[in-house]
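The values are calculated or read from the model by the stated rules, or taken from the named source; none is laboratory data. Quick caveat, the model's predicted, so the values are computed rather than measured. Using ideal geometry, Cβ is built from the backbone for each residue, glycine included, and neighbour counts are taken over all protein chains shown. Quick note on the areas: whole protein, heavy atoms, side chains included, nothing else; ligands and nucleic acids left out. Shrake-Rupley method; radii C 1.70, N 1.55, O 1.52, S 1.80 Å.
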Amino acid sequence: MTLAPRINDQGLDGQGIADQAARLRDLVLGVDSESSAEAESARSPSPLQHTGLGTVVAVCSGKGGVGKTTFAVNAAAVLARKGVRTIVVDLDVGVANADVLLGLTPRARLSRRALIEGRLAERLLATPYGLRLVAGIIGASDASRLRPDEIDGAILGIERLRSHADLIFVDTGAGVGVESITLAATADASLIVTTPEPASIADAYASHKCIAYAGVERGGQPKPSSWLIVNAADNAKQANAAAARLNATSERFLGGGLPCLGWIRRDRRVGRSAHARVPVAVNTPLCRVSRDIAGCAHAVWSACAARRADVRTVGG
């Protein structure tokens, strides 16, 4: 029996995704409860860590080339240096390149079989920057889309990773493909990355809209949160204008805003660090763009903490 979301003539069936997530979470808790307890008992406390299973944040974008993967990798590195156990799962299928930005040459990537079986933890790679990486599928001509059983396995594998981390960034594919929207709708939160360009803003709203319609309450937990990061802005005024436009449109048509957690300035150091295969936040940590990234990373962590508090309140 497949657990993939149902598709109707209006797109993703949100209730199907919710049912899928609930069944997968129950399965994980049943299969992995013992290993999760062992992992939790071995944790070393840190001021930035929290008790319980890790938070899953899907990093999304309406279009490619806006810096989604760059942010995920750099934010994970920033938080790892502060003691947060971070994992980046690269599920930008077919063009996974987080390993390139980290200067790695993985000997073991995700295979389709490992993905179907939810064996993401077996593919965890250490990096020189404290975070761990699950390197994604690349190169295969049929790798541009995930099949329903592969989406099921991805969600199951991510659930199993919760006991290994405090924060899991899932780097999804750009756009509104069924796999990207499903991964975002079954995560705890989605982080939408955009640039101030009009086309990027329009595509970011389309992504947010699909996630909002697909994400529903599940298992007593609130709907997935959605947050915004404005990347490659020339100045604060430009970034704020883009964020305000997206927030106002979301308020008007979706019944809720899209909070902006911060903005990152345009800087050539980002490109130079990518060529050097070192995260810019590590390569030049004191420059302004690295401080922007660090501020956004800490804002994400704080938003995750606030959401966990809300979940505890809802759950009693």
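Miscellaneous remarks
- Qualifying positions in the stretch 69-90 - open to solvent by 10 Å² or more (accessible area, probe 1.4 Å) and touching a helix residue (DSSP H, G or I) at 6+ places or on another chain (Cβ under 6 Å): THR69, VAL78
- Within the stretch 141-163, considering residues that are closer than 27 Å to PRO279 by Cβ and surrounded by fewer than 18 Cβ atoms within 10 Å (Cβ to Cβ), the one modelled with the lowest pLDDT: ALA143
- Number of the condition not met by ALA174 [criteria: (1) out of contact with any strand residue (DSSP E or B) (no Cβ under 7 Å at 6 or more places or on another chain); (2) under 21 Å from LEU79 (Cα atoms)]: (2)
- When the stretch 126-140 is limited to residues that are in contact with an Asp or Glu (Cβ under 7 Å, 6 or more places away or on another chain) and small (Gly, Ala, Ser), the one that is modelled with the highest pLDDT turns out to be ALA135.
- Residue within the stretch 207-219 that is over 20 Å from VAL66 (Cβ atoms), open to solvent by less than 20 Å² (accessible area, probe 1.4 Å) and of a type outside the set (Lys, Arg) present: yes
- Unmet requirement for VAL311, which otherwise passes all of (1) closer than 24 Å to SER207 by Cβ; (2) at pLDDT 95 or above; (3) surrounded by fewer than 18 Cβ atoms within 10 Å (Cβ to Cβ): (2)
- VAL193 being under 17 Å from VAL56 (Cβ atoms) and either assigned to a loop (DSSP other than H, G, I, E, B) or touching a Phe, Trp or Tyr at 6+ places or on another chain (Cβ under 9 Å) (or both): yes
- Extreme residue, farthest from PHE71 (Cα to Cα), among residues of the stretch 242-275 that are free of Cβ contacts under 8 Å to residues at least 24 places away in the same chain and aliphatic (A, V, I, L, M): ALA248
- Looking at THR105, THR186, just one residue is modelled with pLDDT under 95, within 21 Å of VAL280 (Cα to Cα) and either buried (at least 21 other Cβ atoms within 10 Å of the Cβ) or out of contact with any strand residue (DSSP E or B) (no Cβ under 8 Å at 6 or more places or on another chain) (or both), and that residue is THR105.
- Within the set LEU110, LEU120, the sole residue that is over 23 Å from GLY271 (Cβ atoms), buried (at least 23 other Cβ atoms within 10 Å of the Cβ) and at pLDDT below 95 turns out to be LEU110.
- Scan the stretch 189-200 for residues that are of a type in the set (Gly, Ala, Ser) and either open to solvent by 20 Å² or more (accessible area, probe 1.4 Å) or over 13 Å from the mean Cα position of the chain (by Cα) (or both) and the total you get is 2.
- Scan of the stretch 226-273 for residues that are surrounded by 19 or more Cβ atoms within 10 Å (Cβ to Cβ) and either among the small types (Gly, Ala, Ser) or part of a loop (DSSP other than H, G, I, E, B) (or both), ordered by number: SER226, ALA232, ALA233, ALA239, ALA242, ALA243, SER250, LEU258, GLY262, SER273
- Answer from ASP203, ASP166, ASP171 - the residue that is open to solvent by 50 Å² or more (accessible area, probe 1.4 Å) and at pLDDT 95 or above: ASP203
- Looking only at the stretch 212-257, and only at residues there that are of a type in the set (Val, Ile, Thr) and modelled with pLDDT of 95 or more, the one that is farthest from VAL56 (Cα to Cα): THR249
- A search for C-beta distances below 6 Å between a residue of the stretch 84-100 that is within 17 Å of LEU53 (Cβ to Cβ) and any residue that is assigned to a loop (DSSP other than H, G, I, E, B) and open to solvent by 10 Å² or more (accessible area, probe 1.4 Å), counting only pairs 6+ apart in sequence or on different chains, returns VAL84/LEU48.
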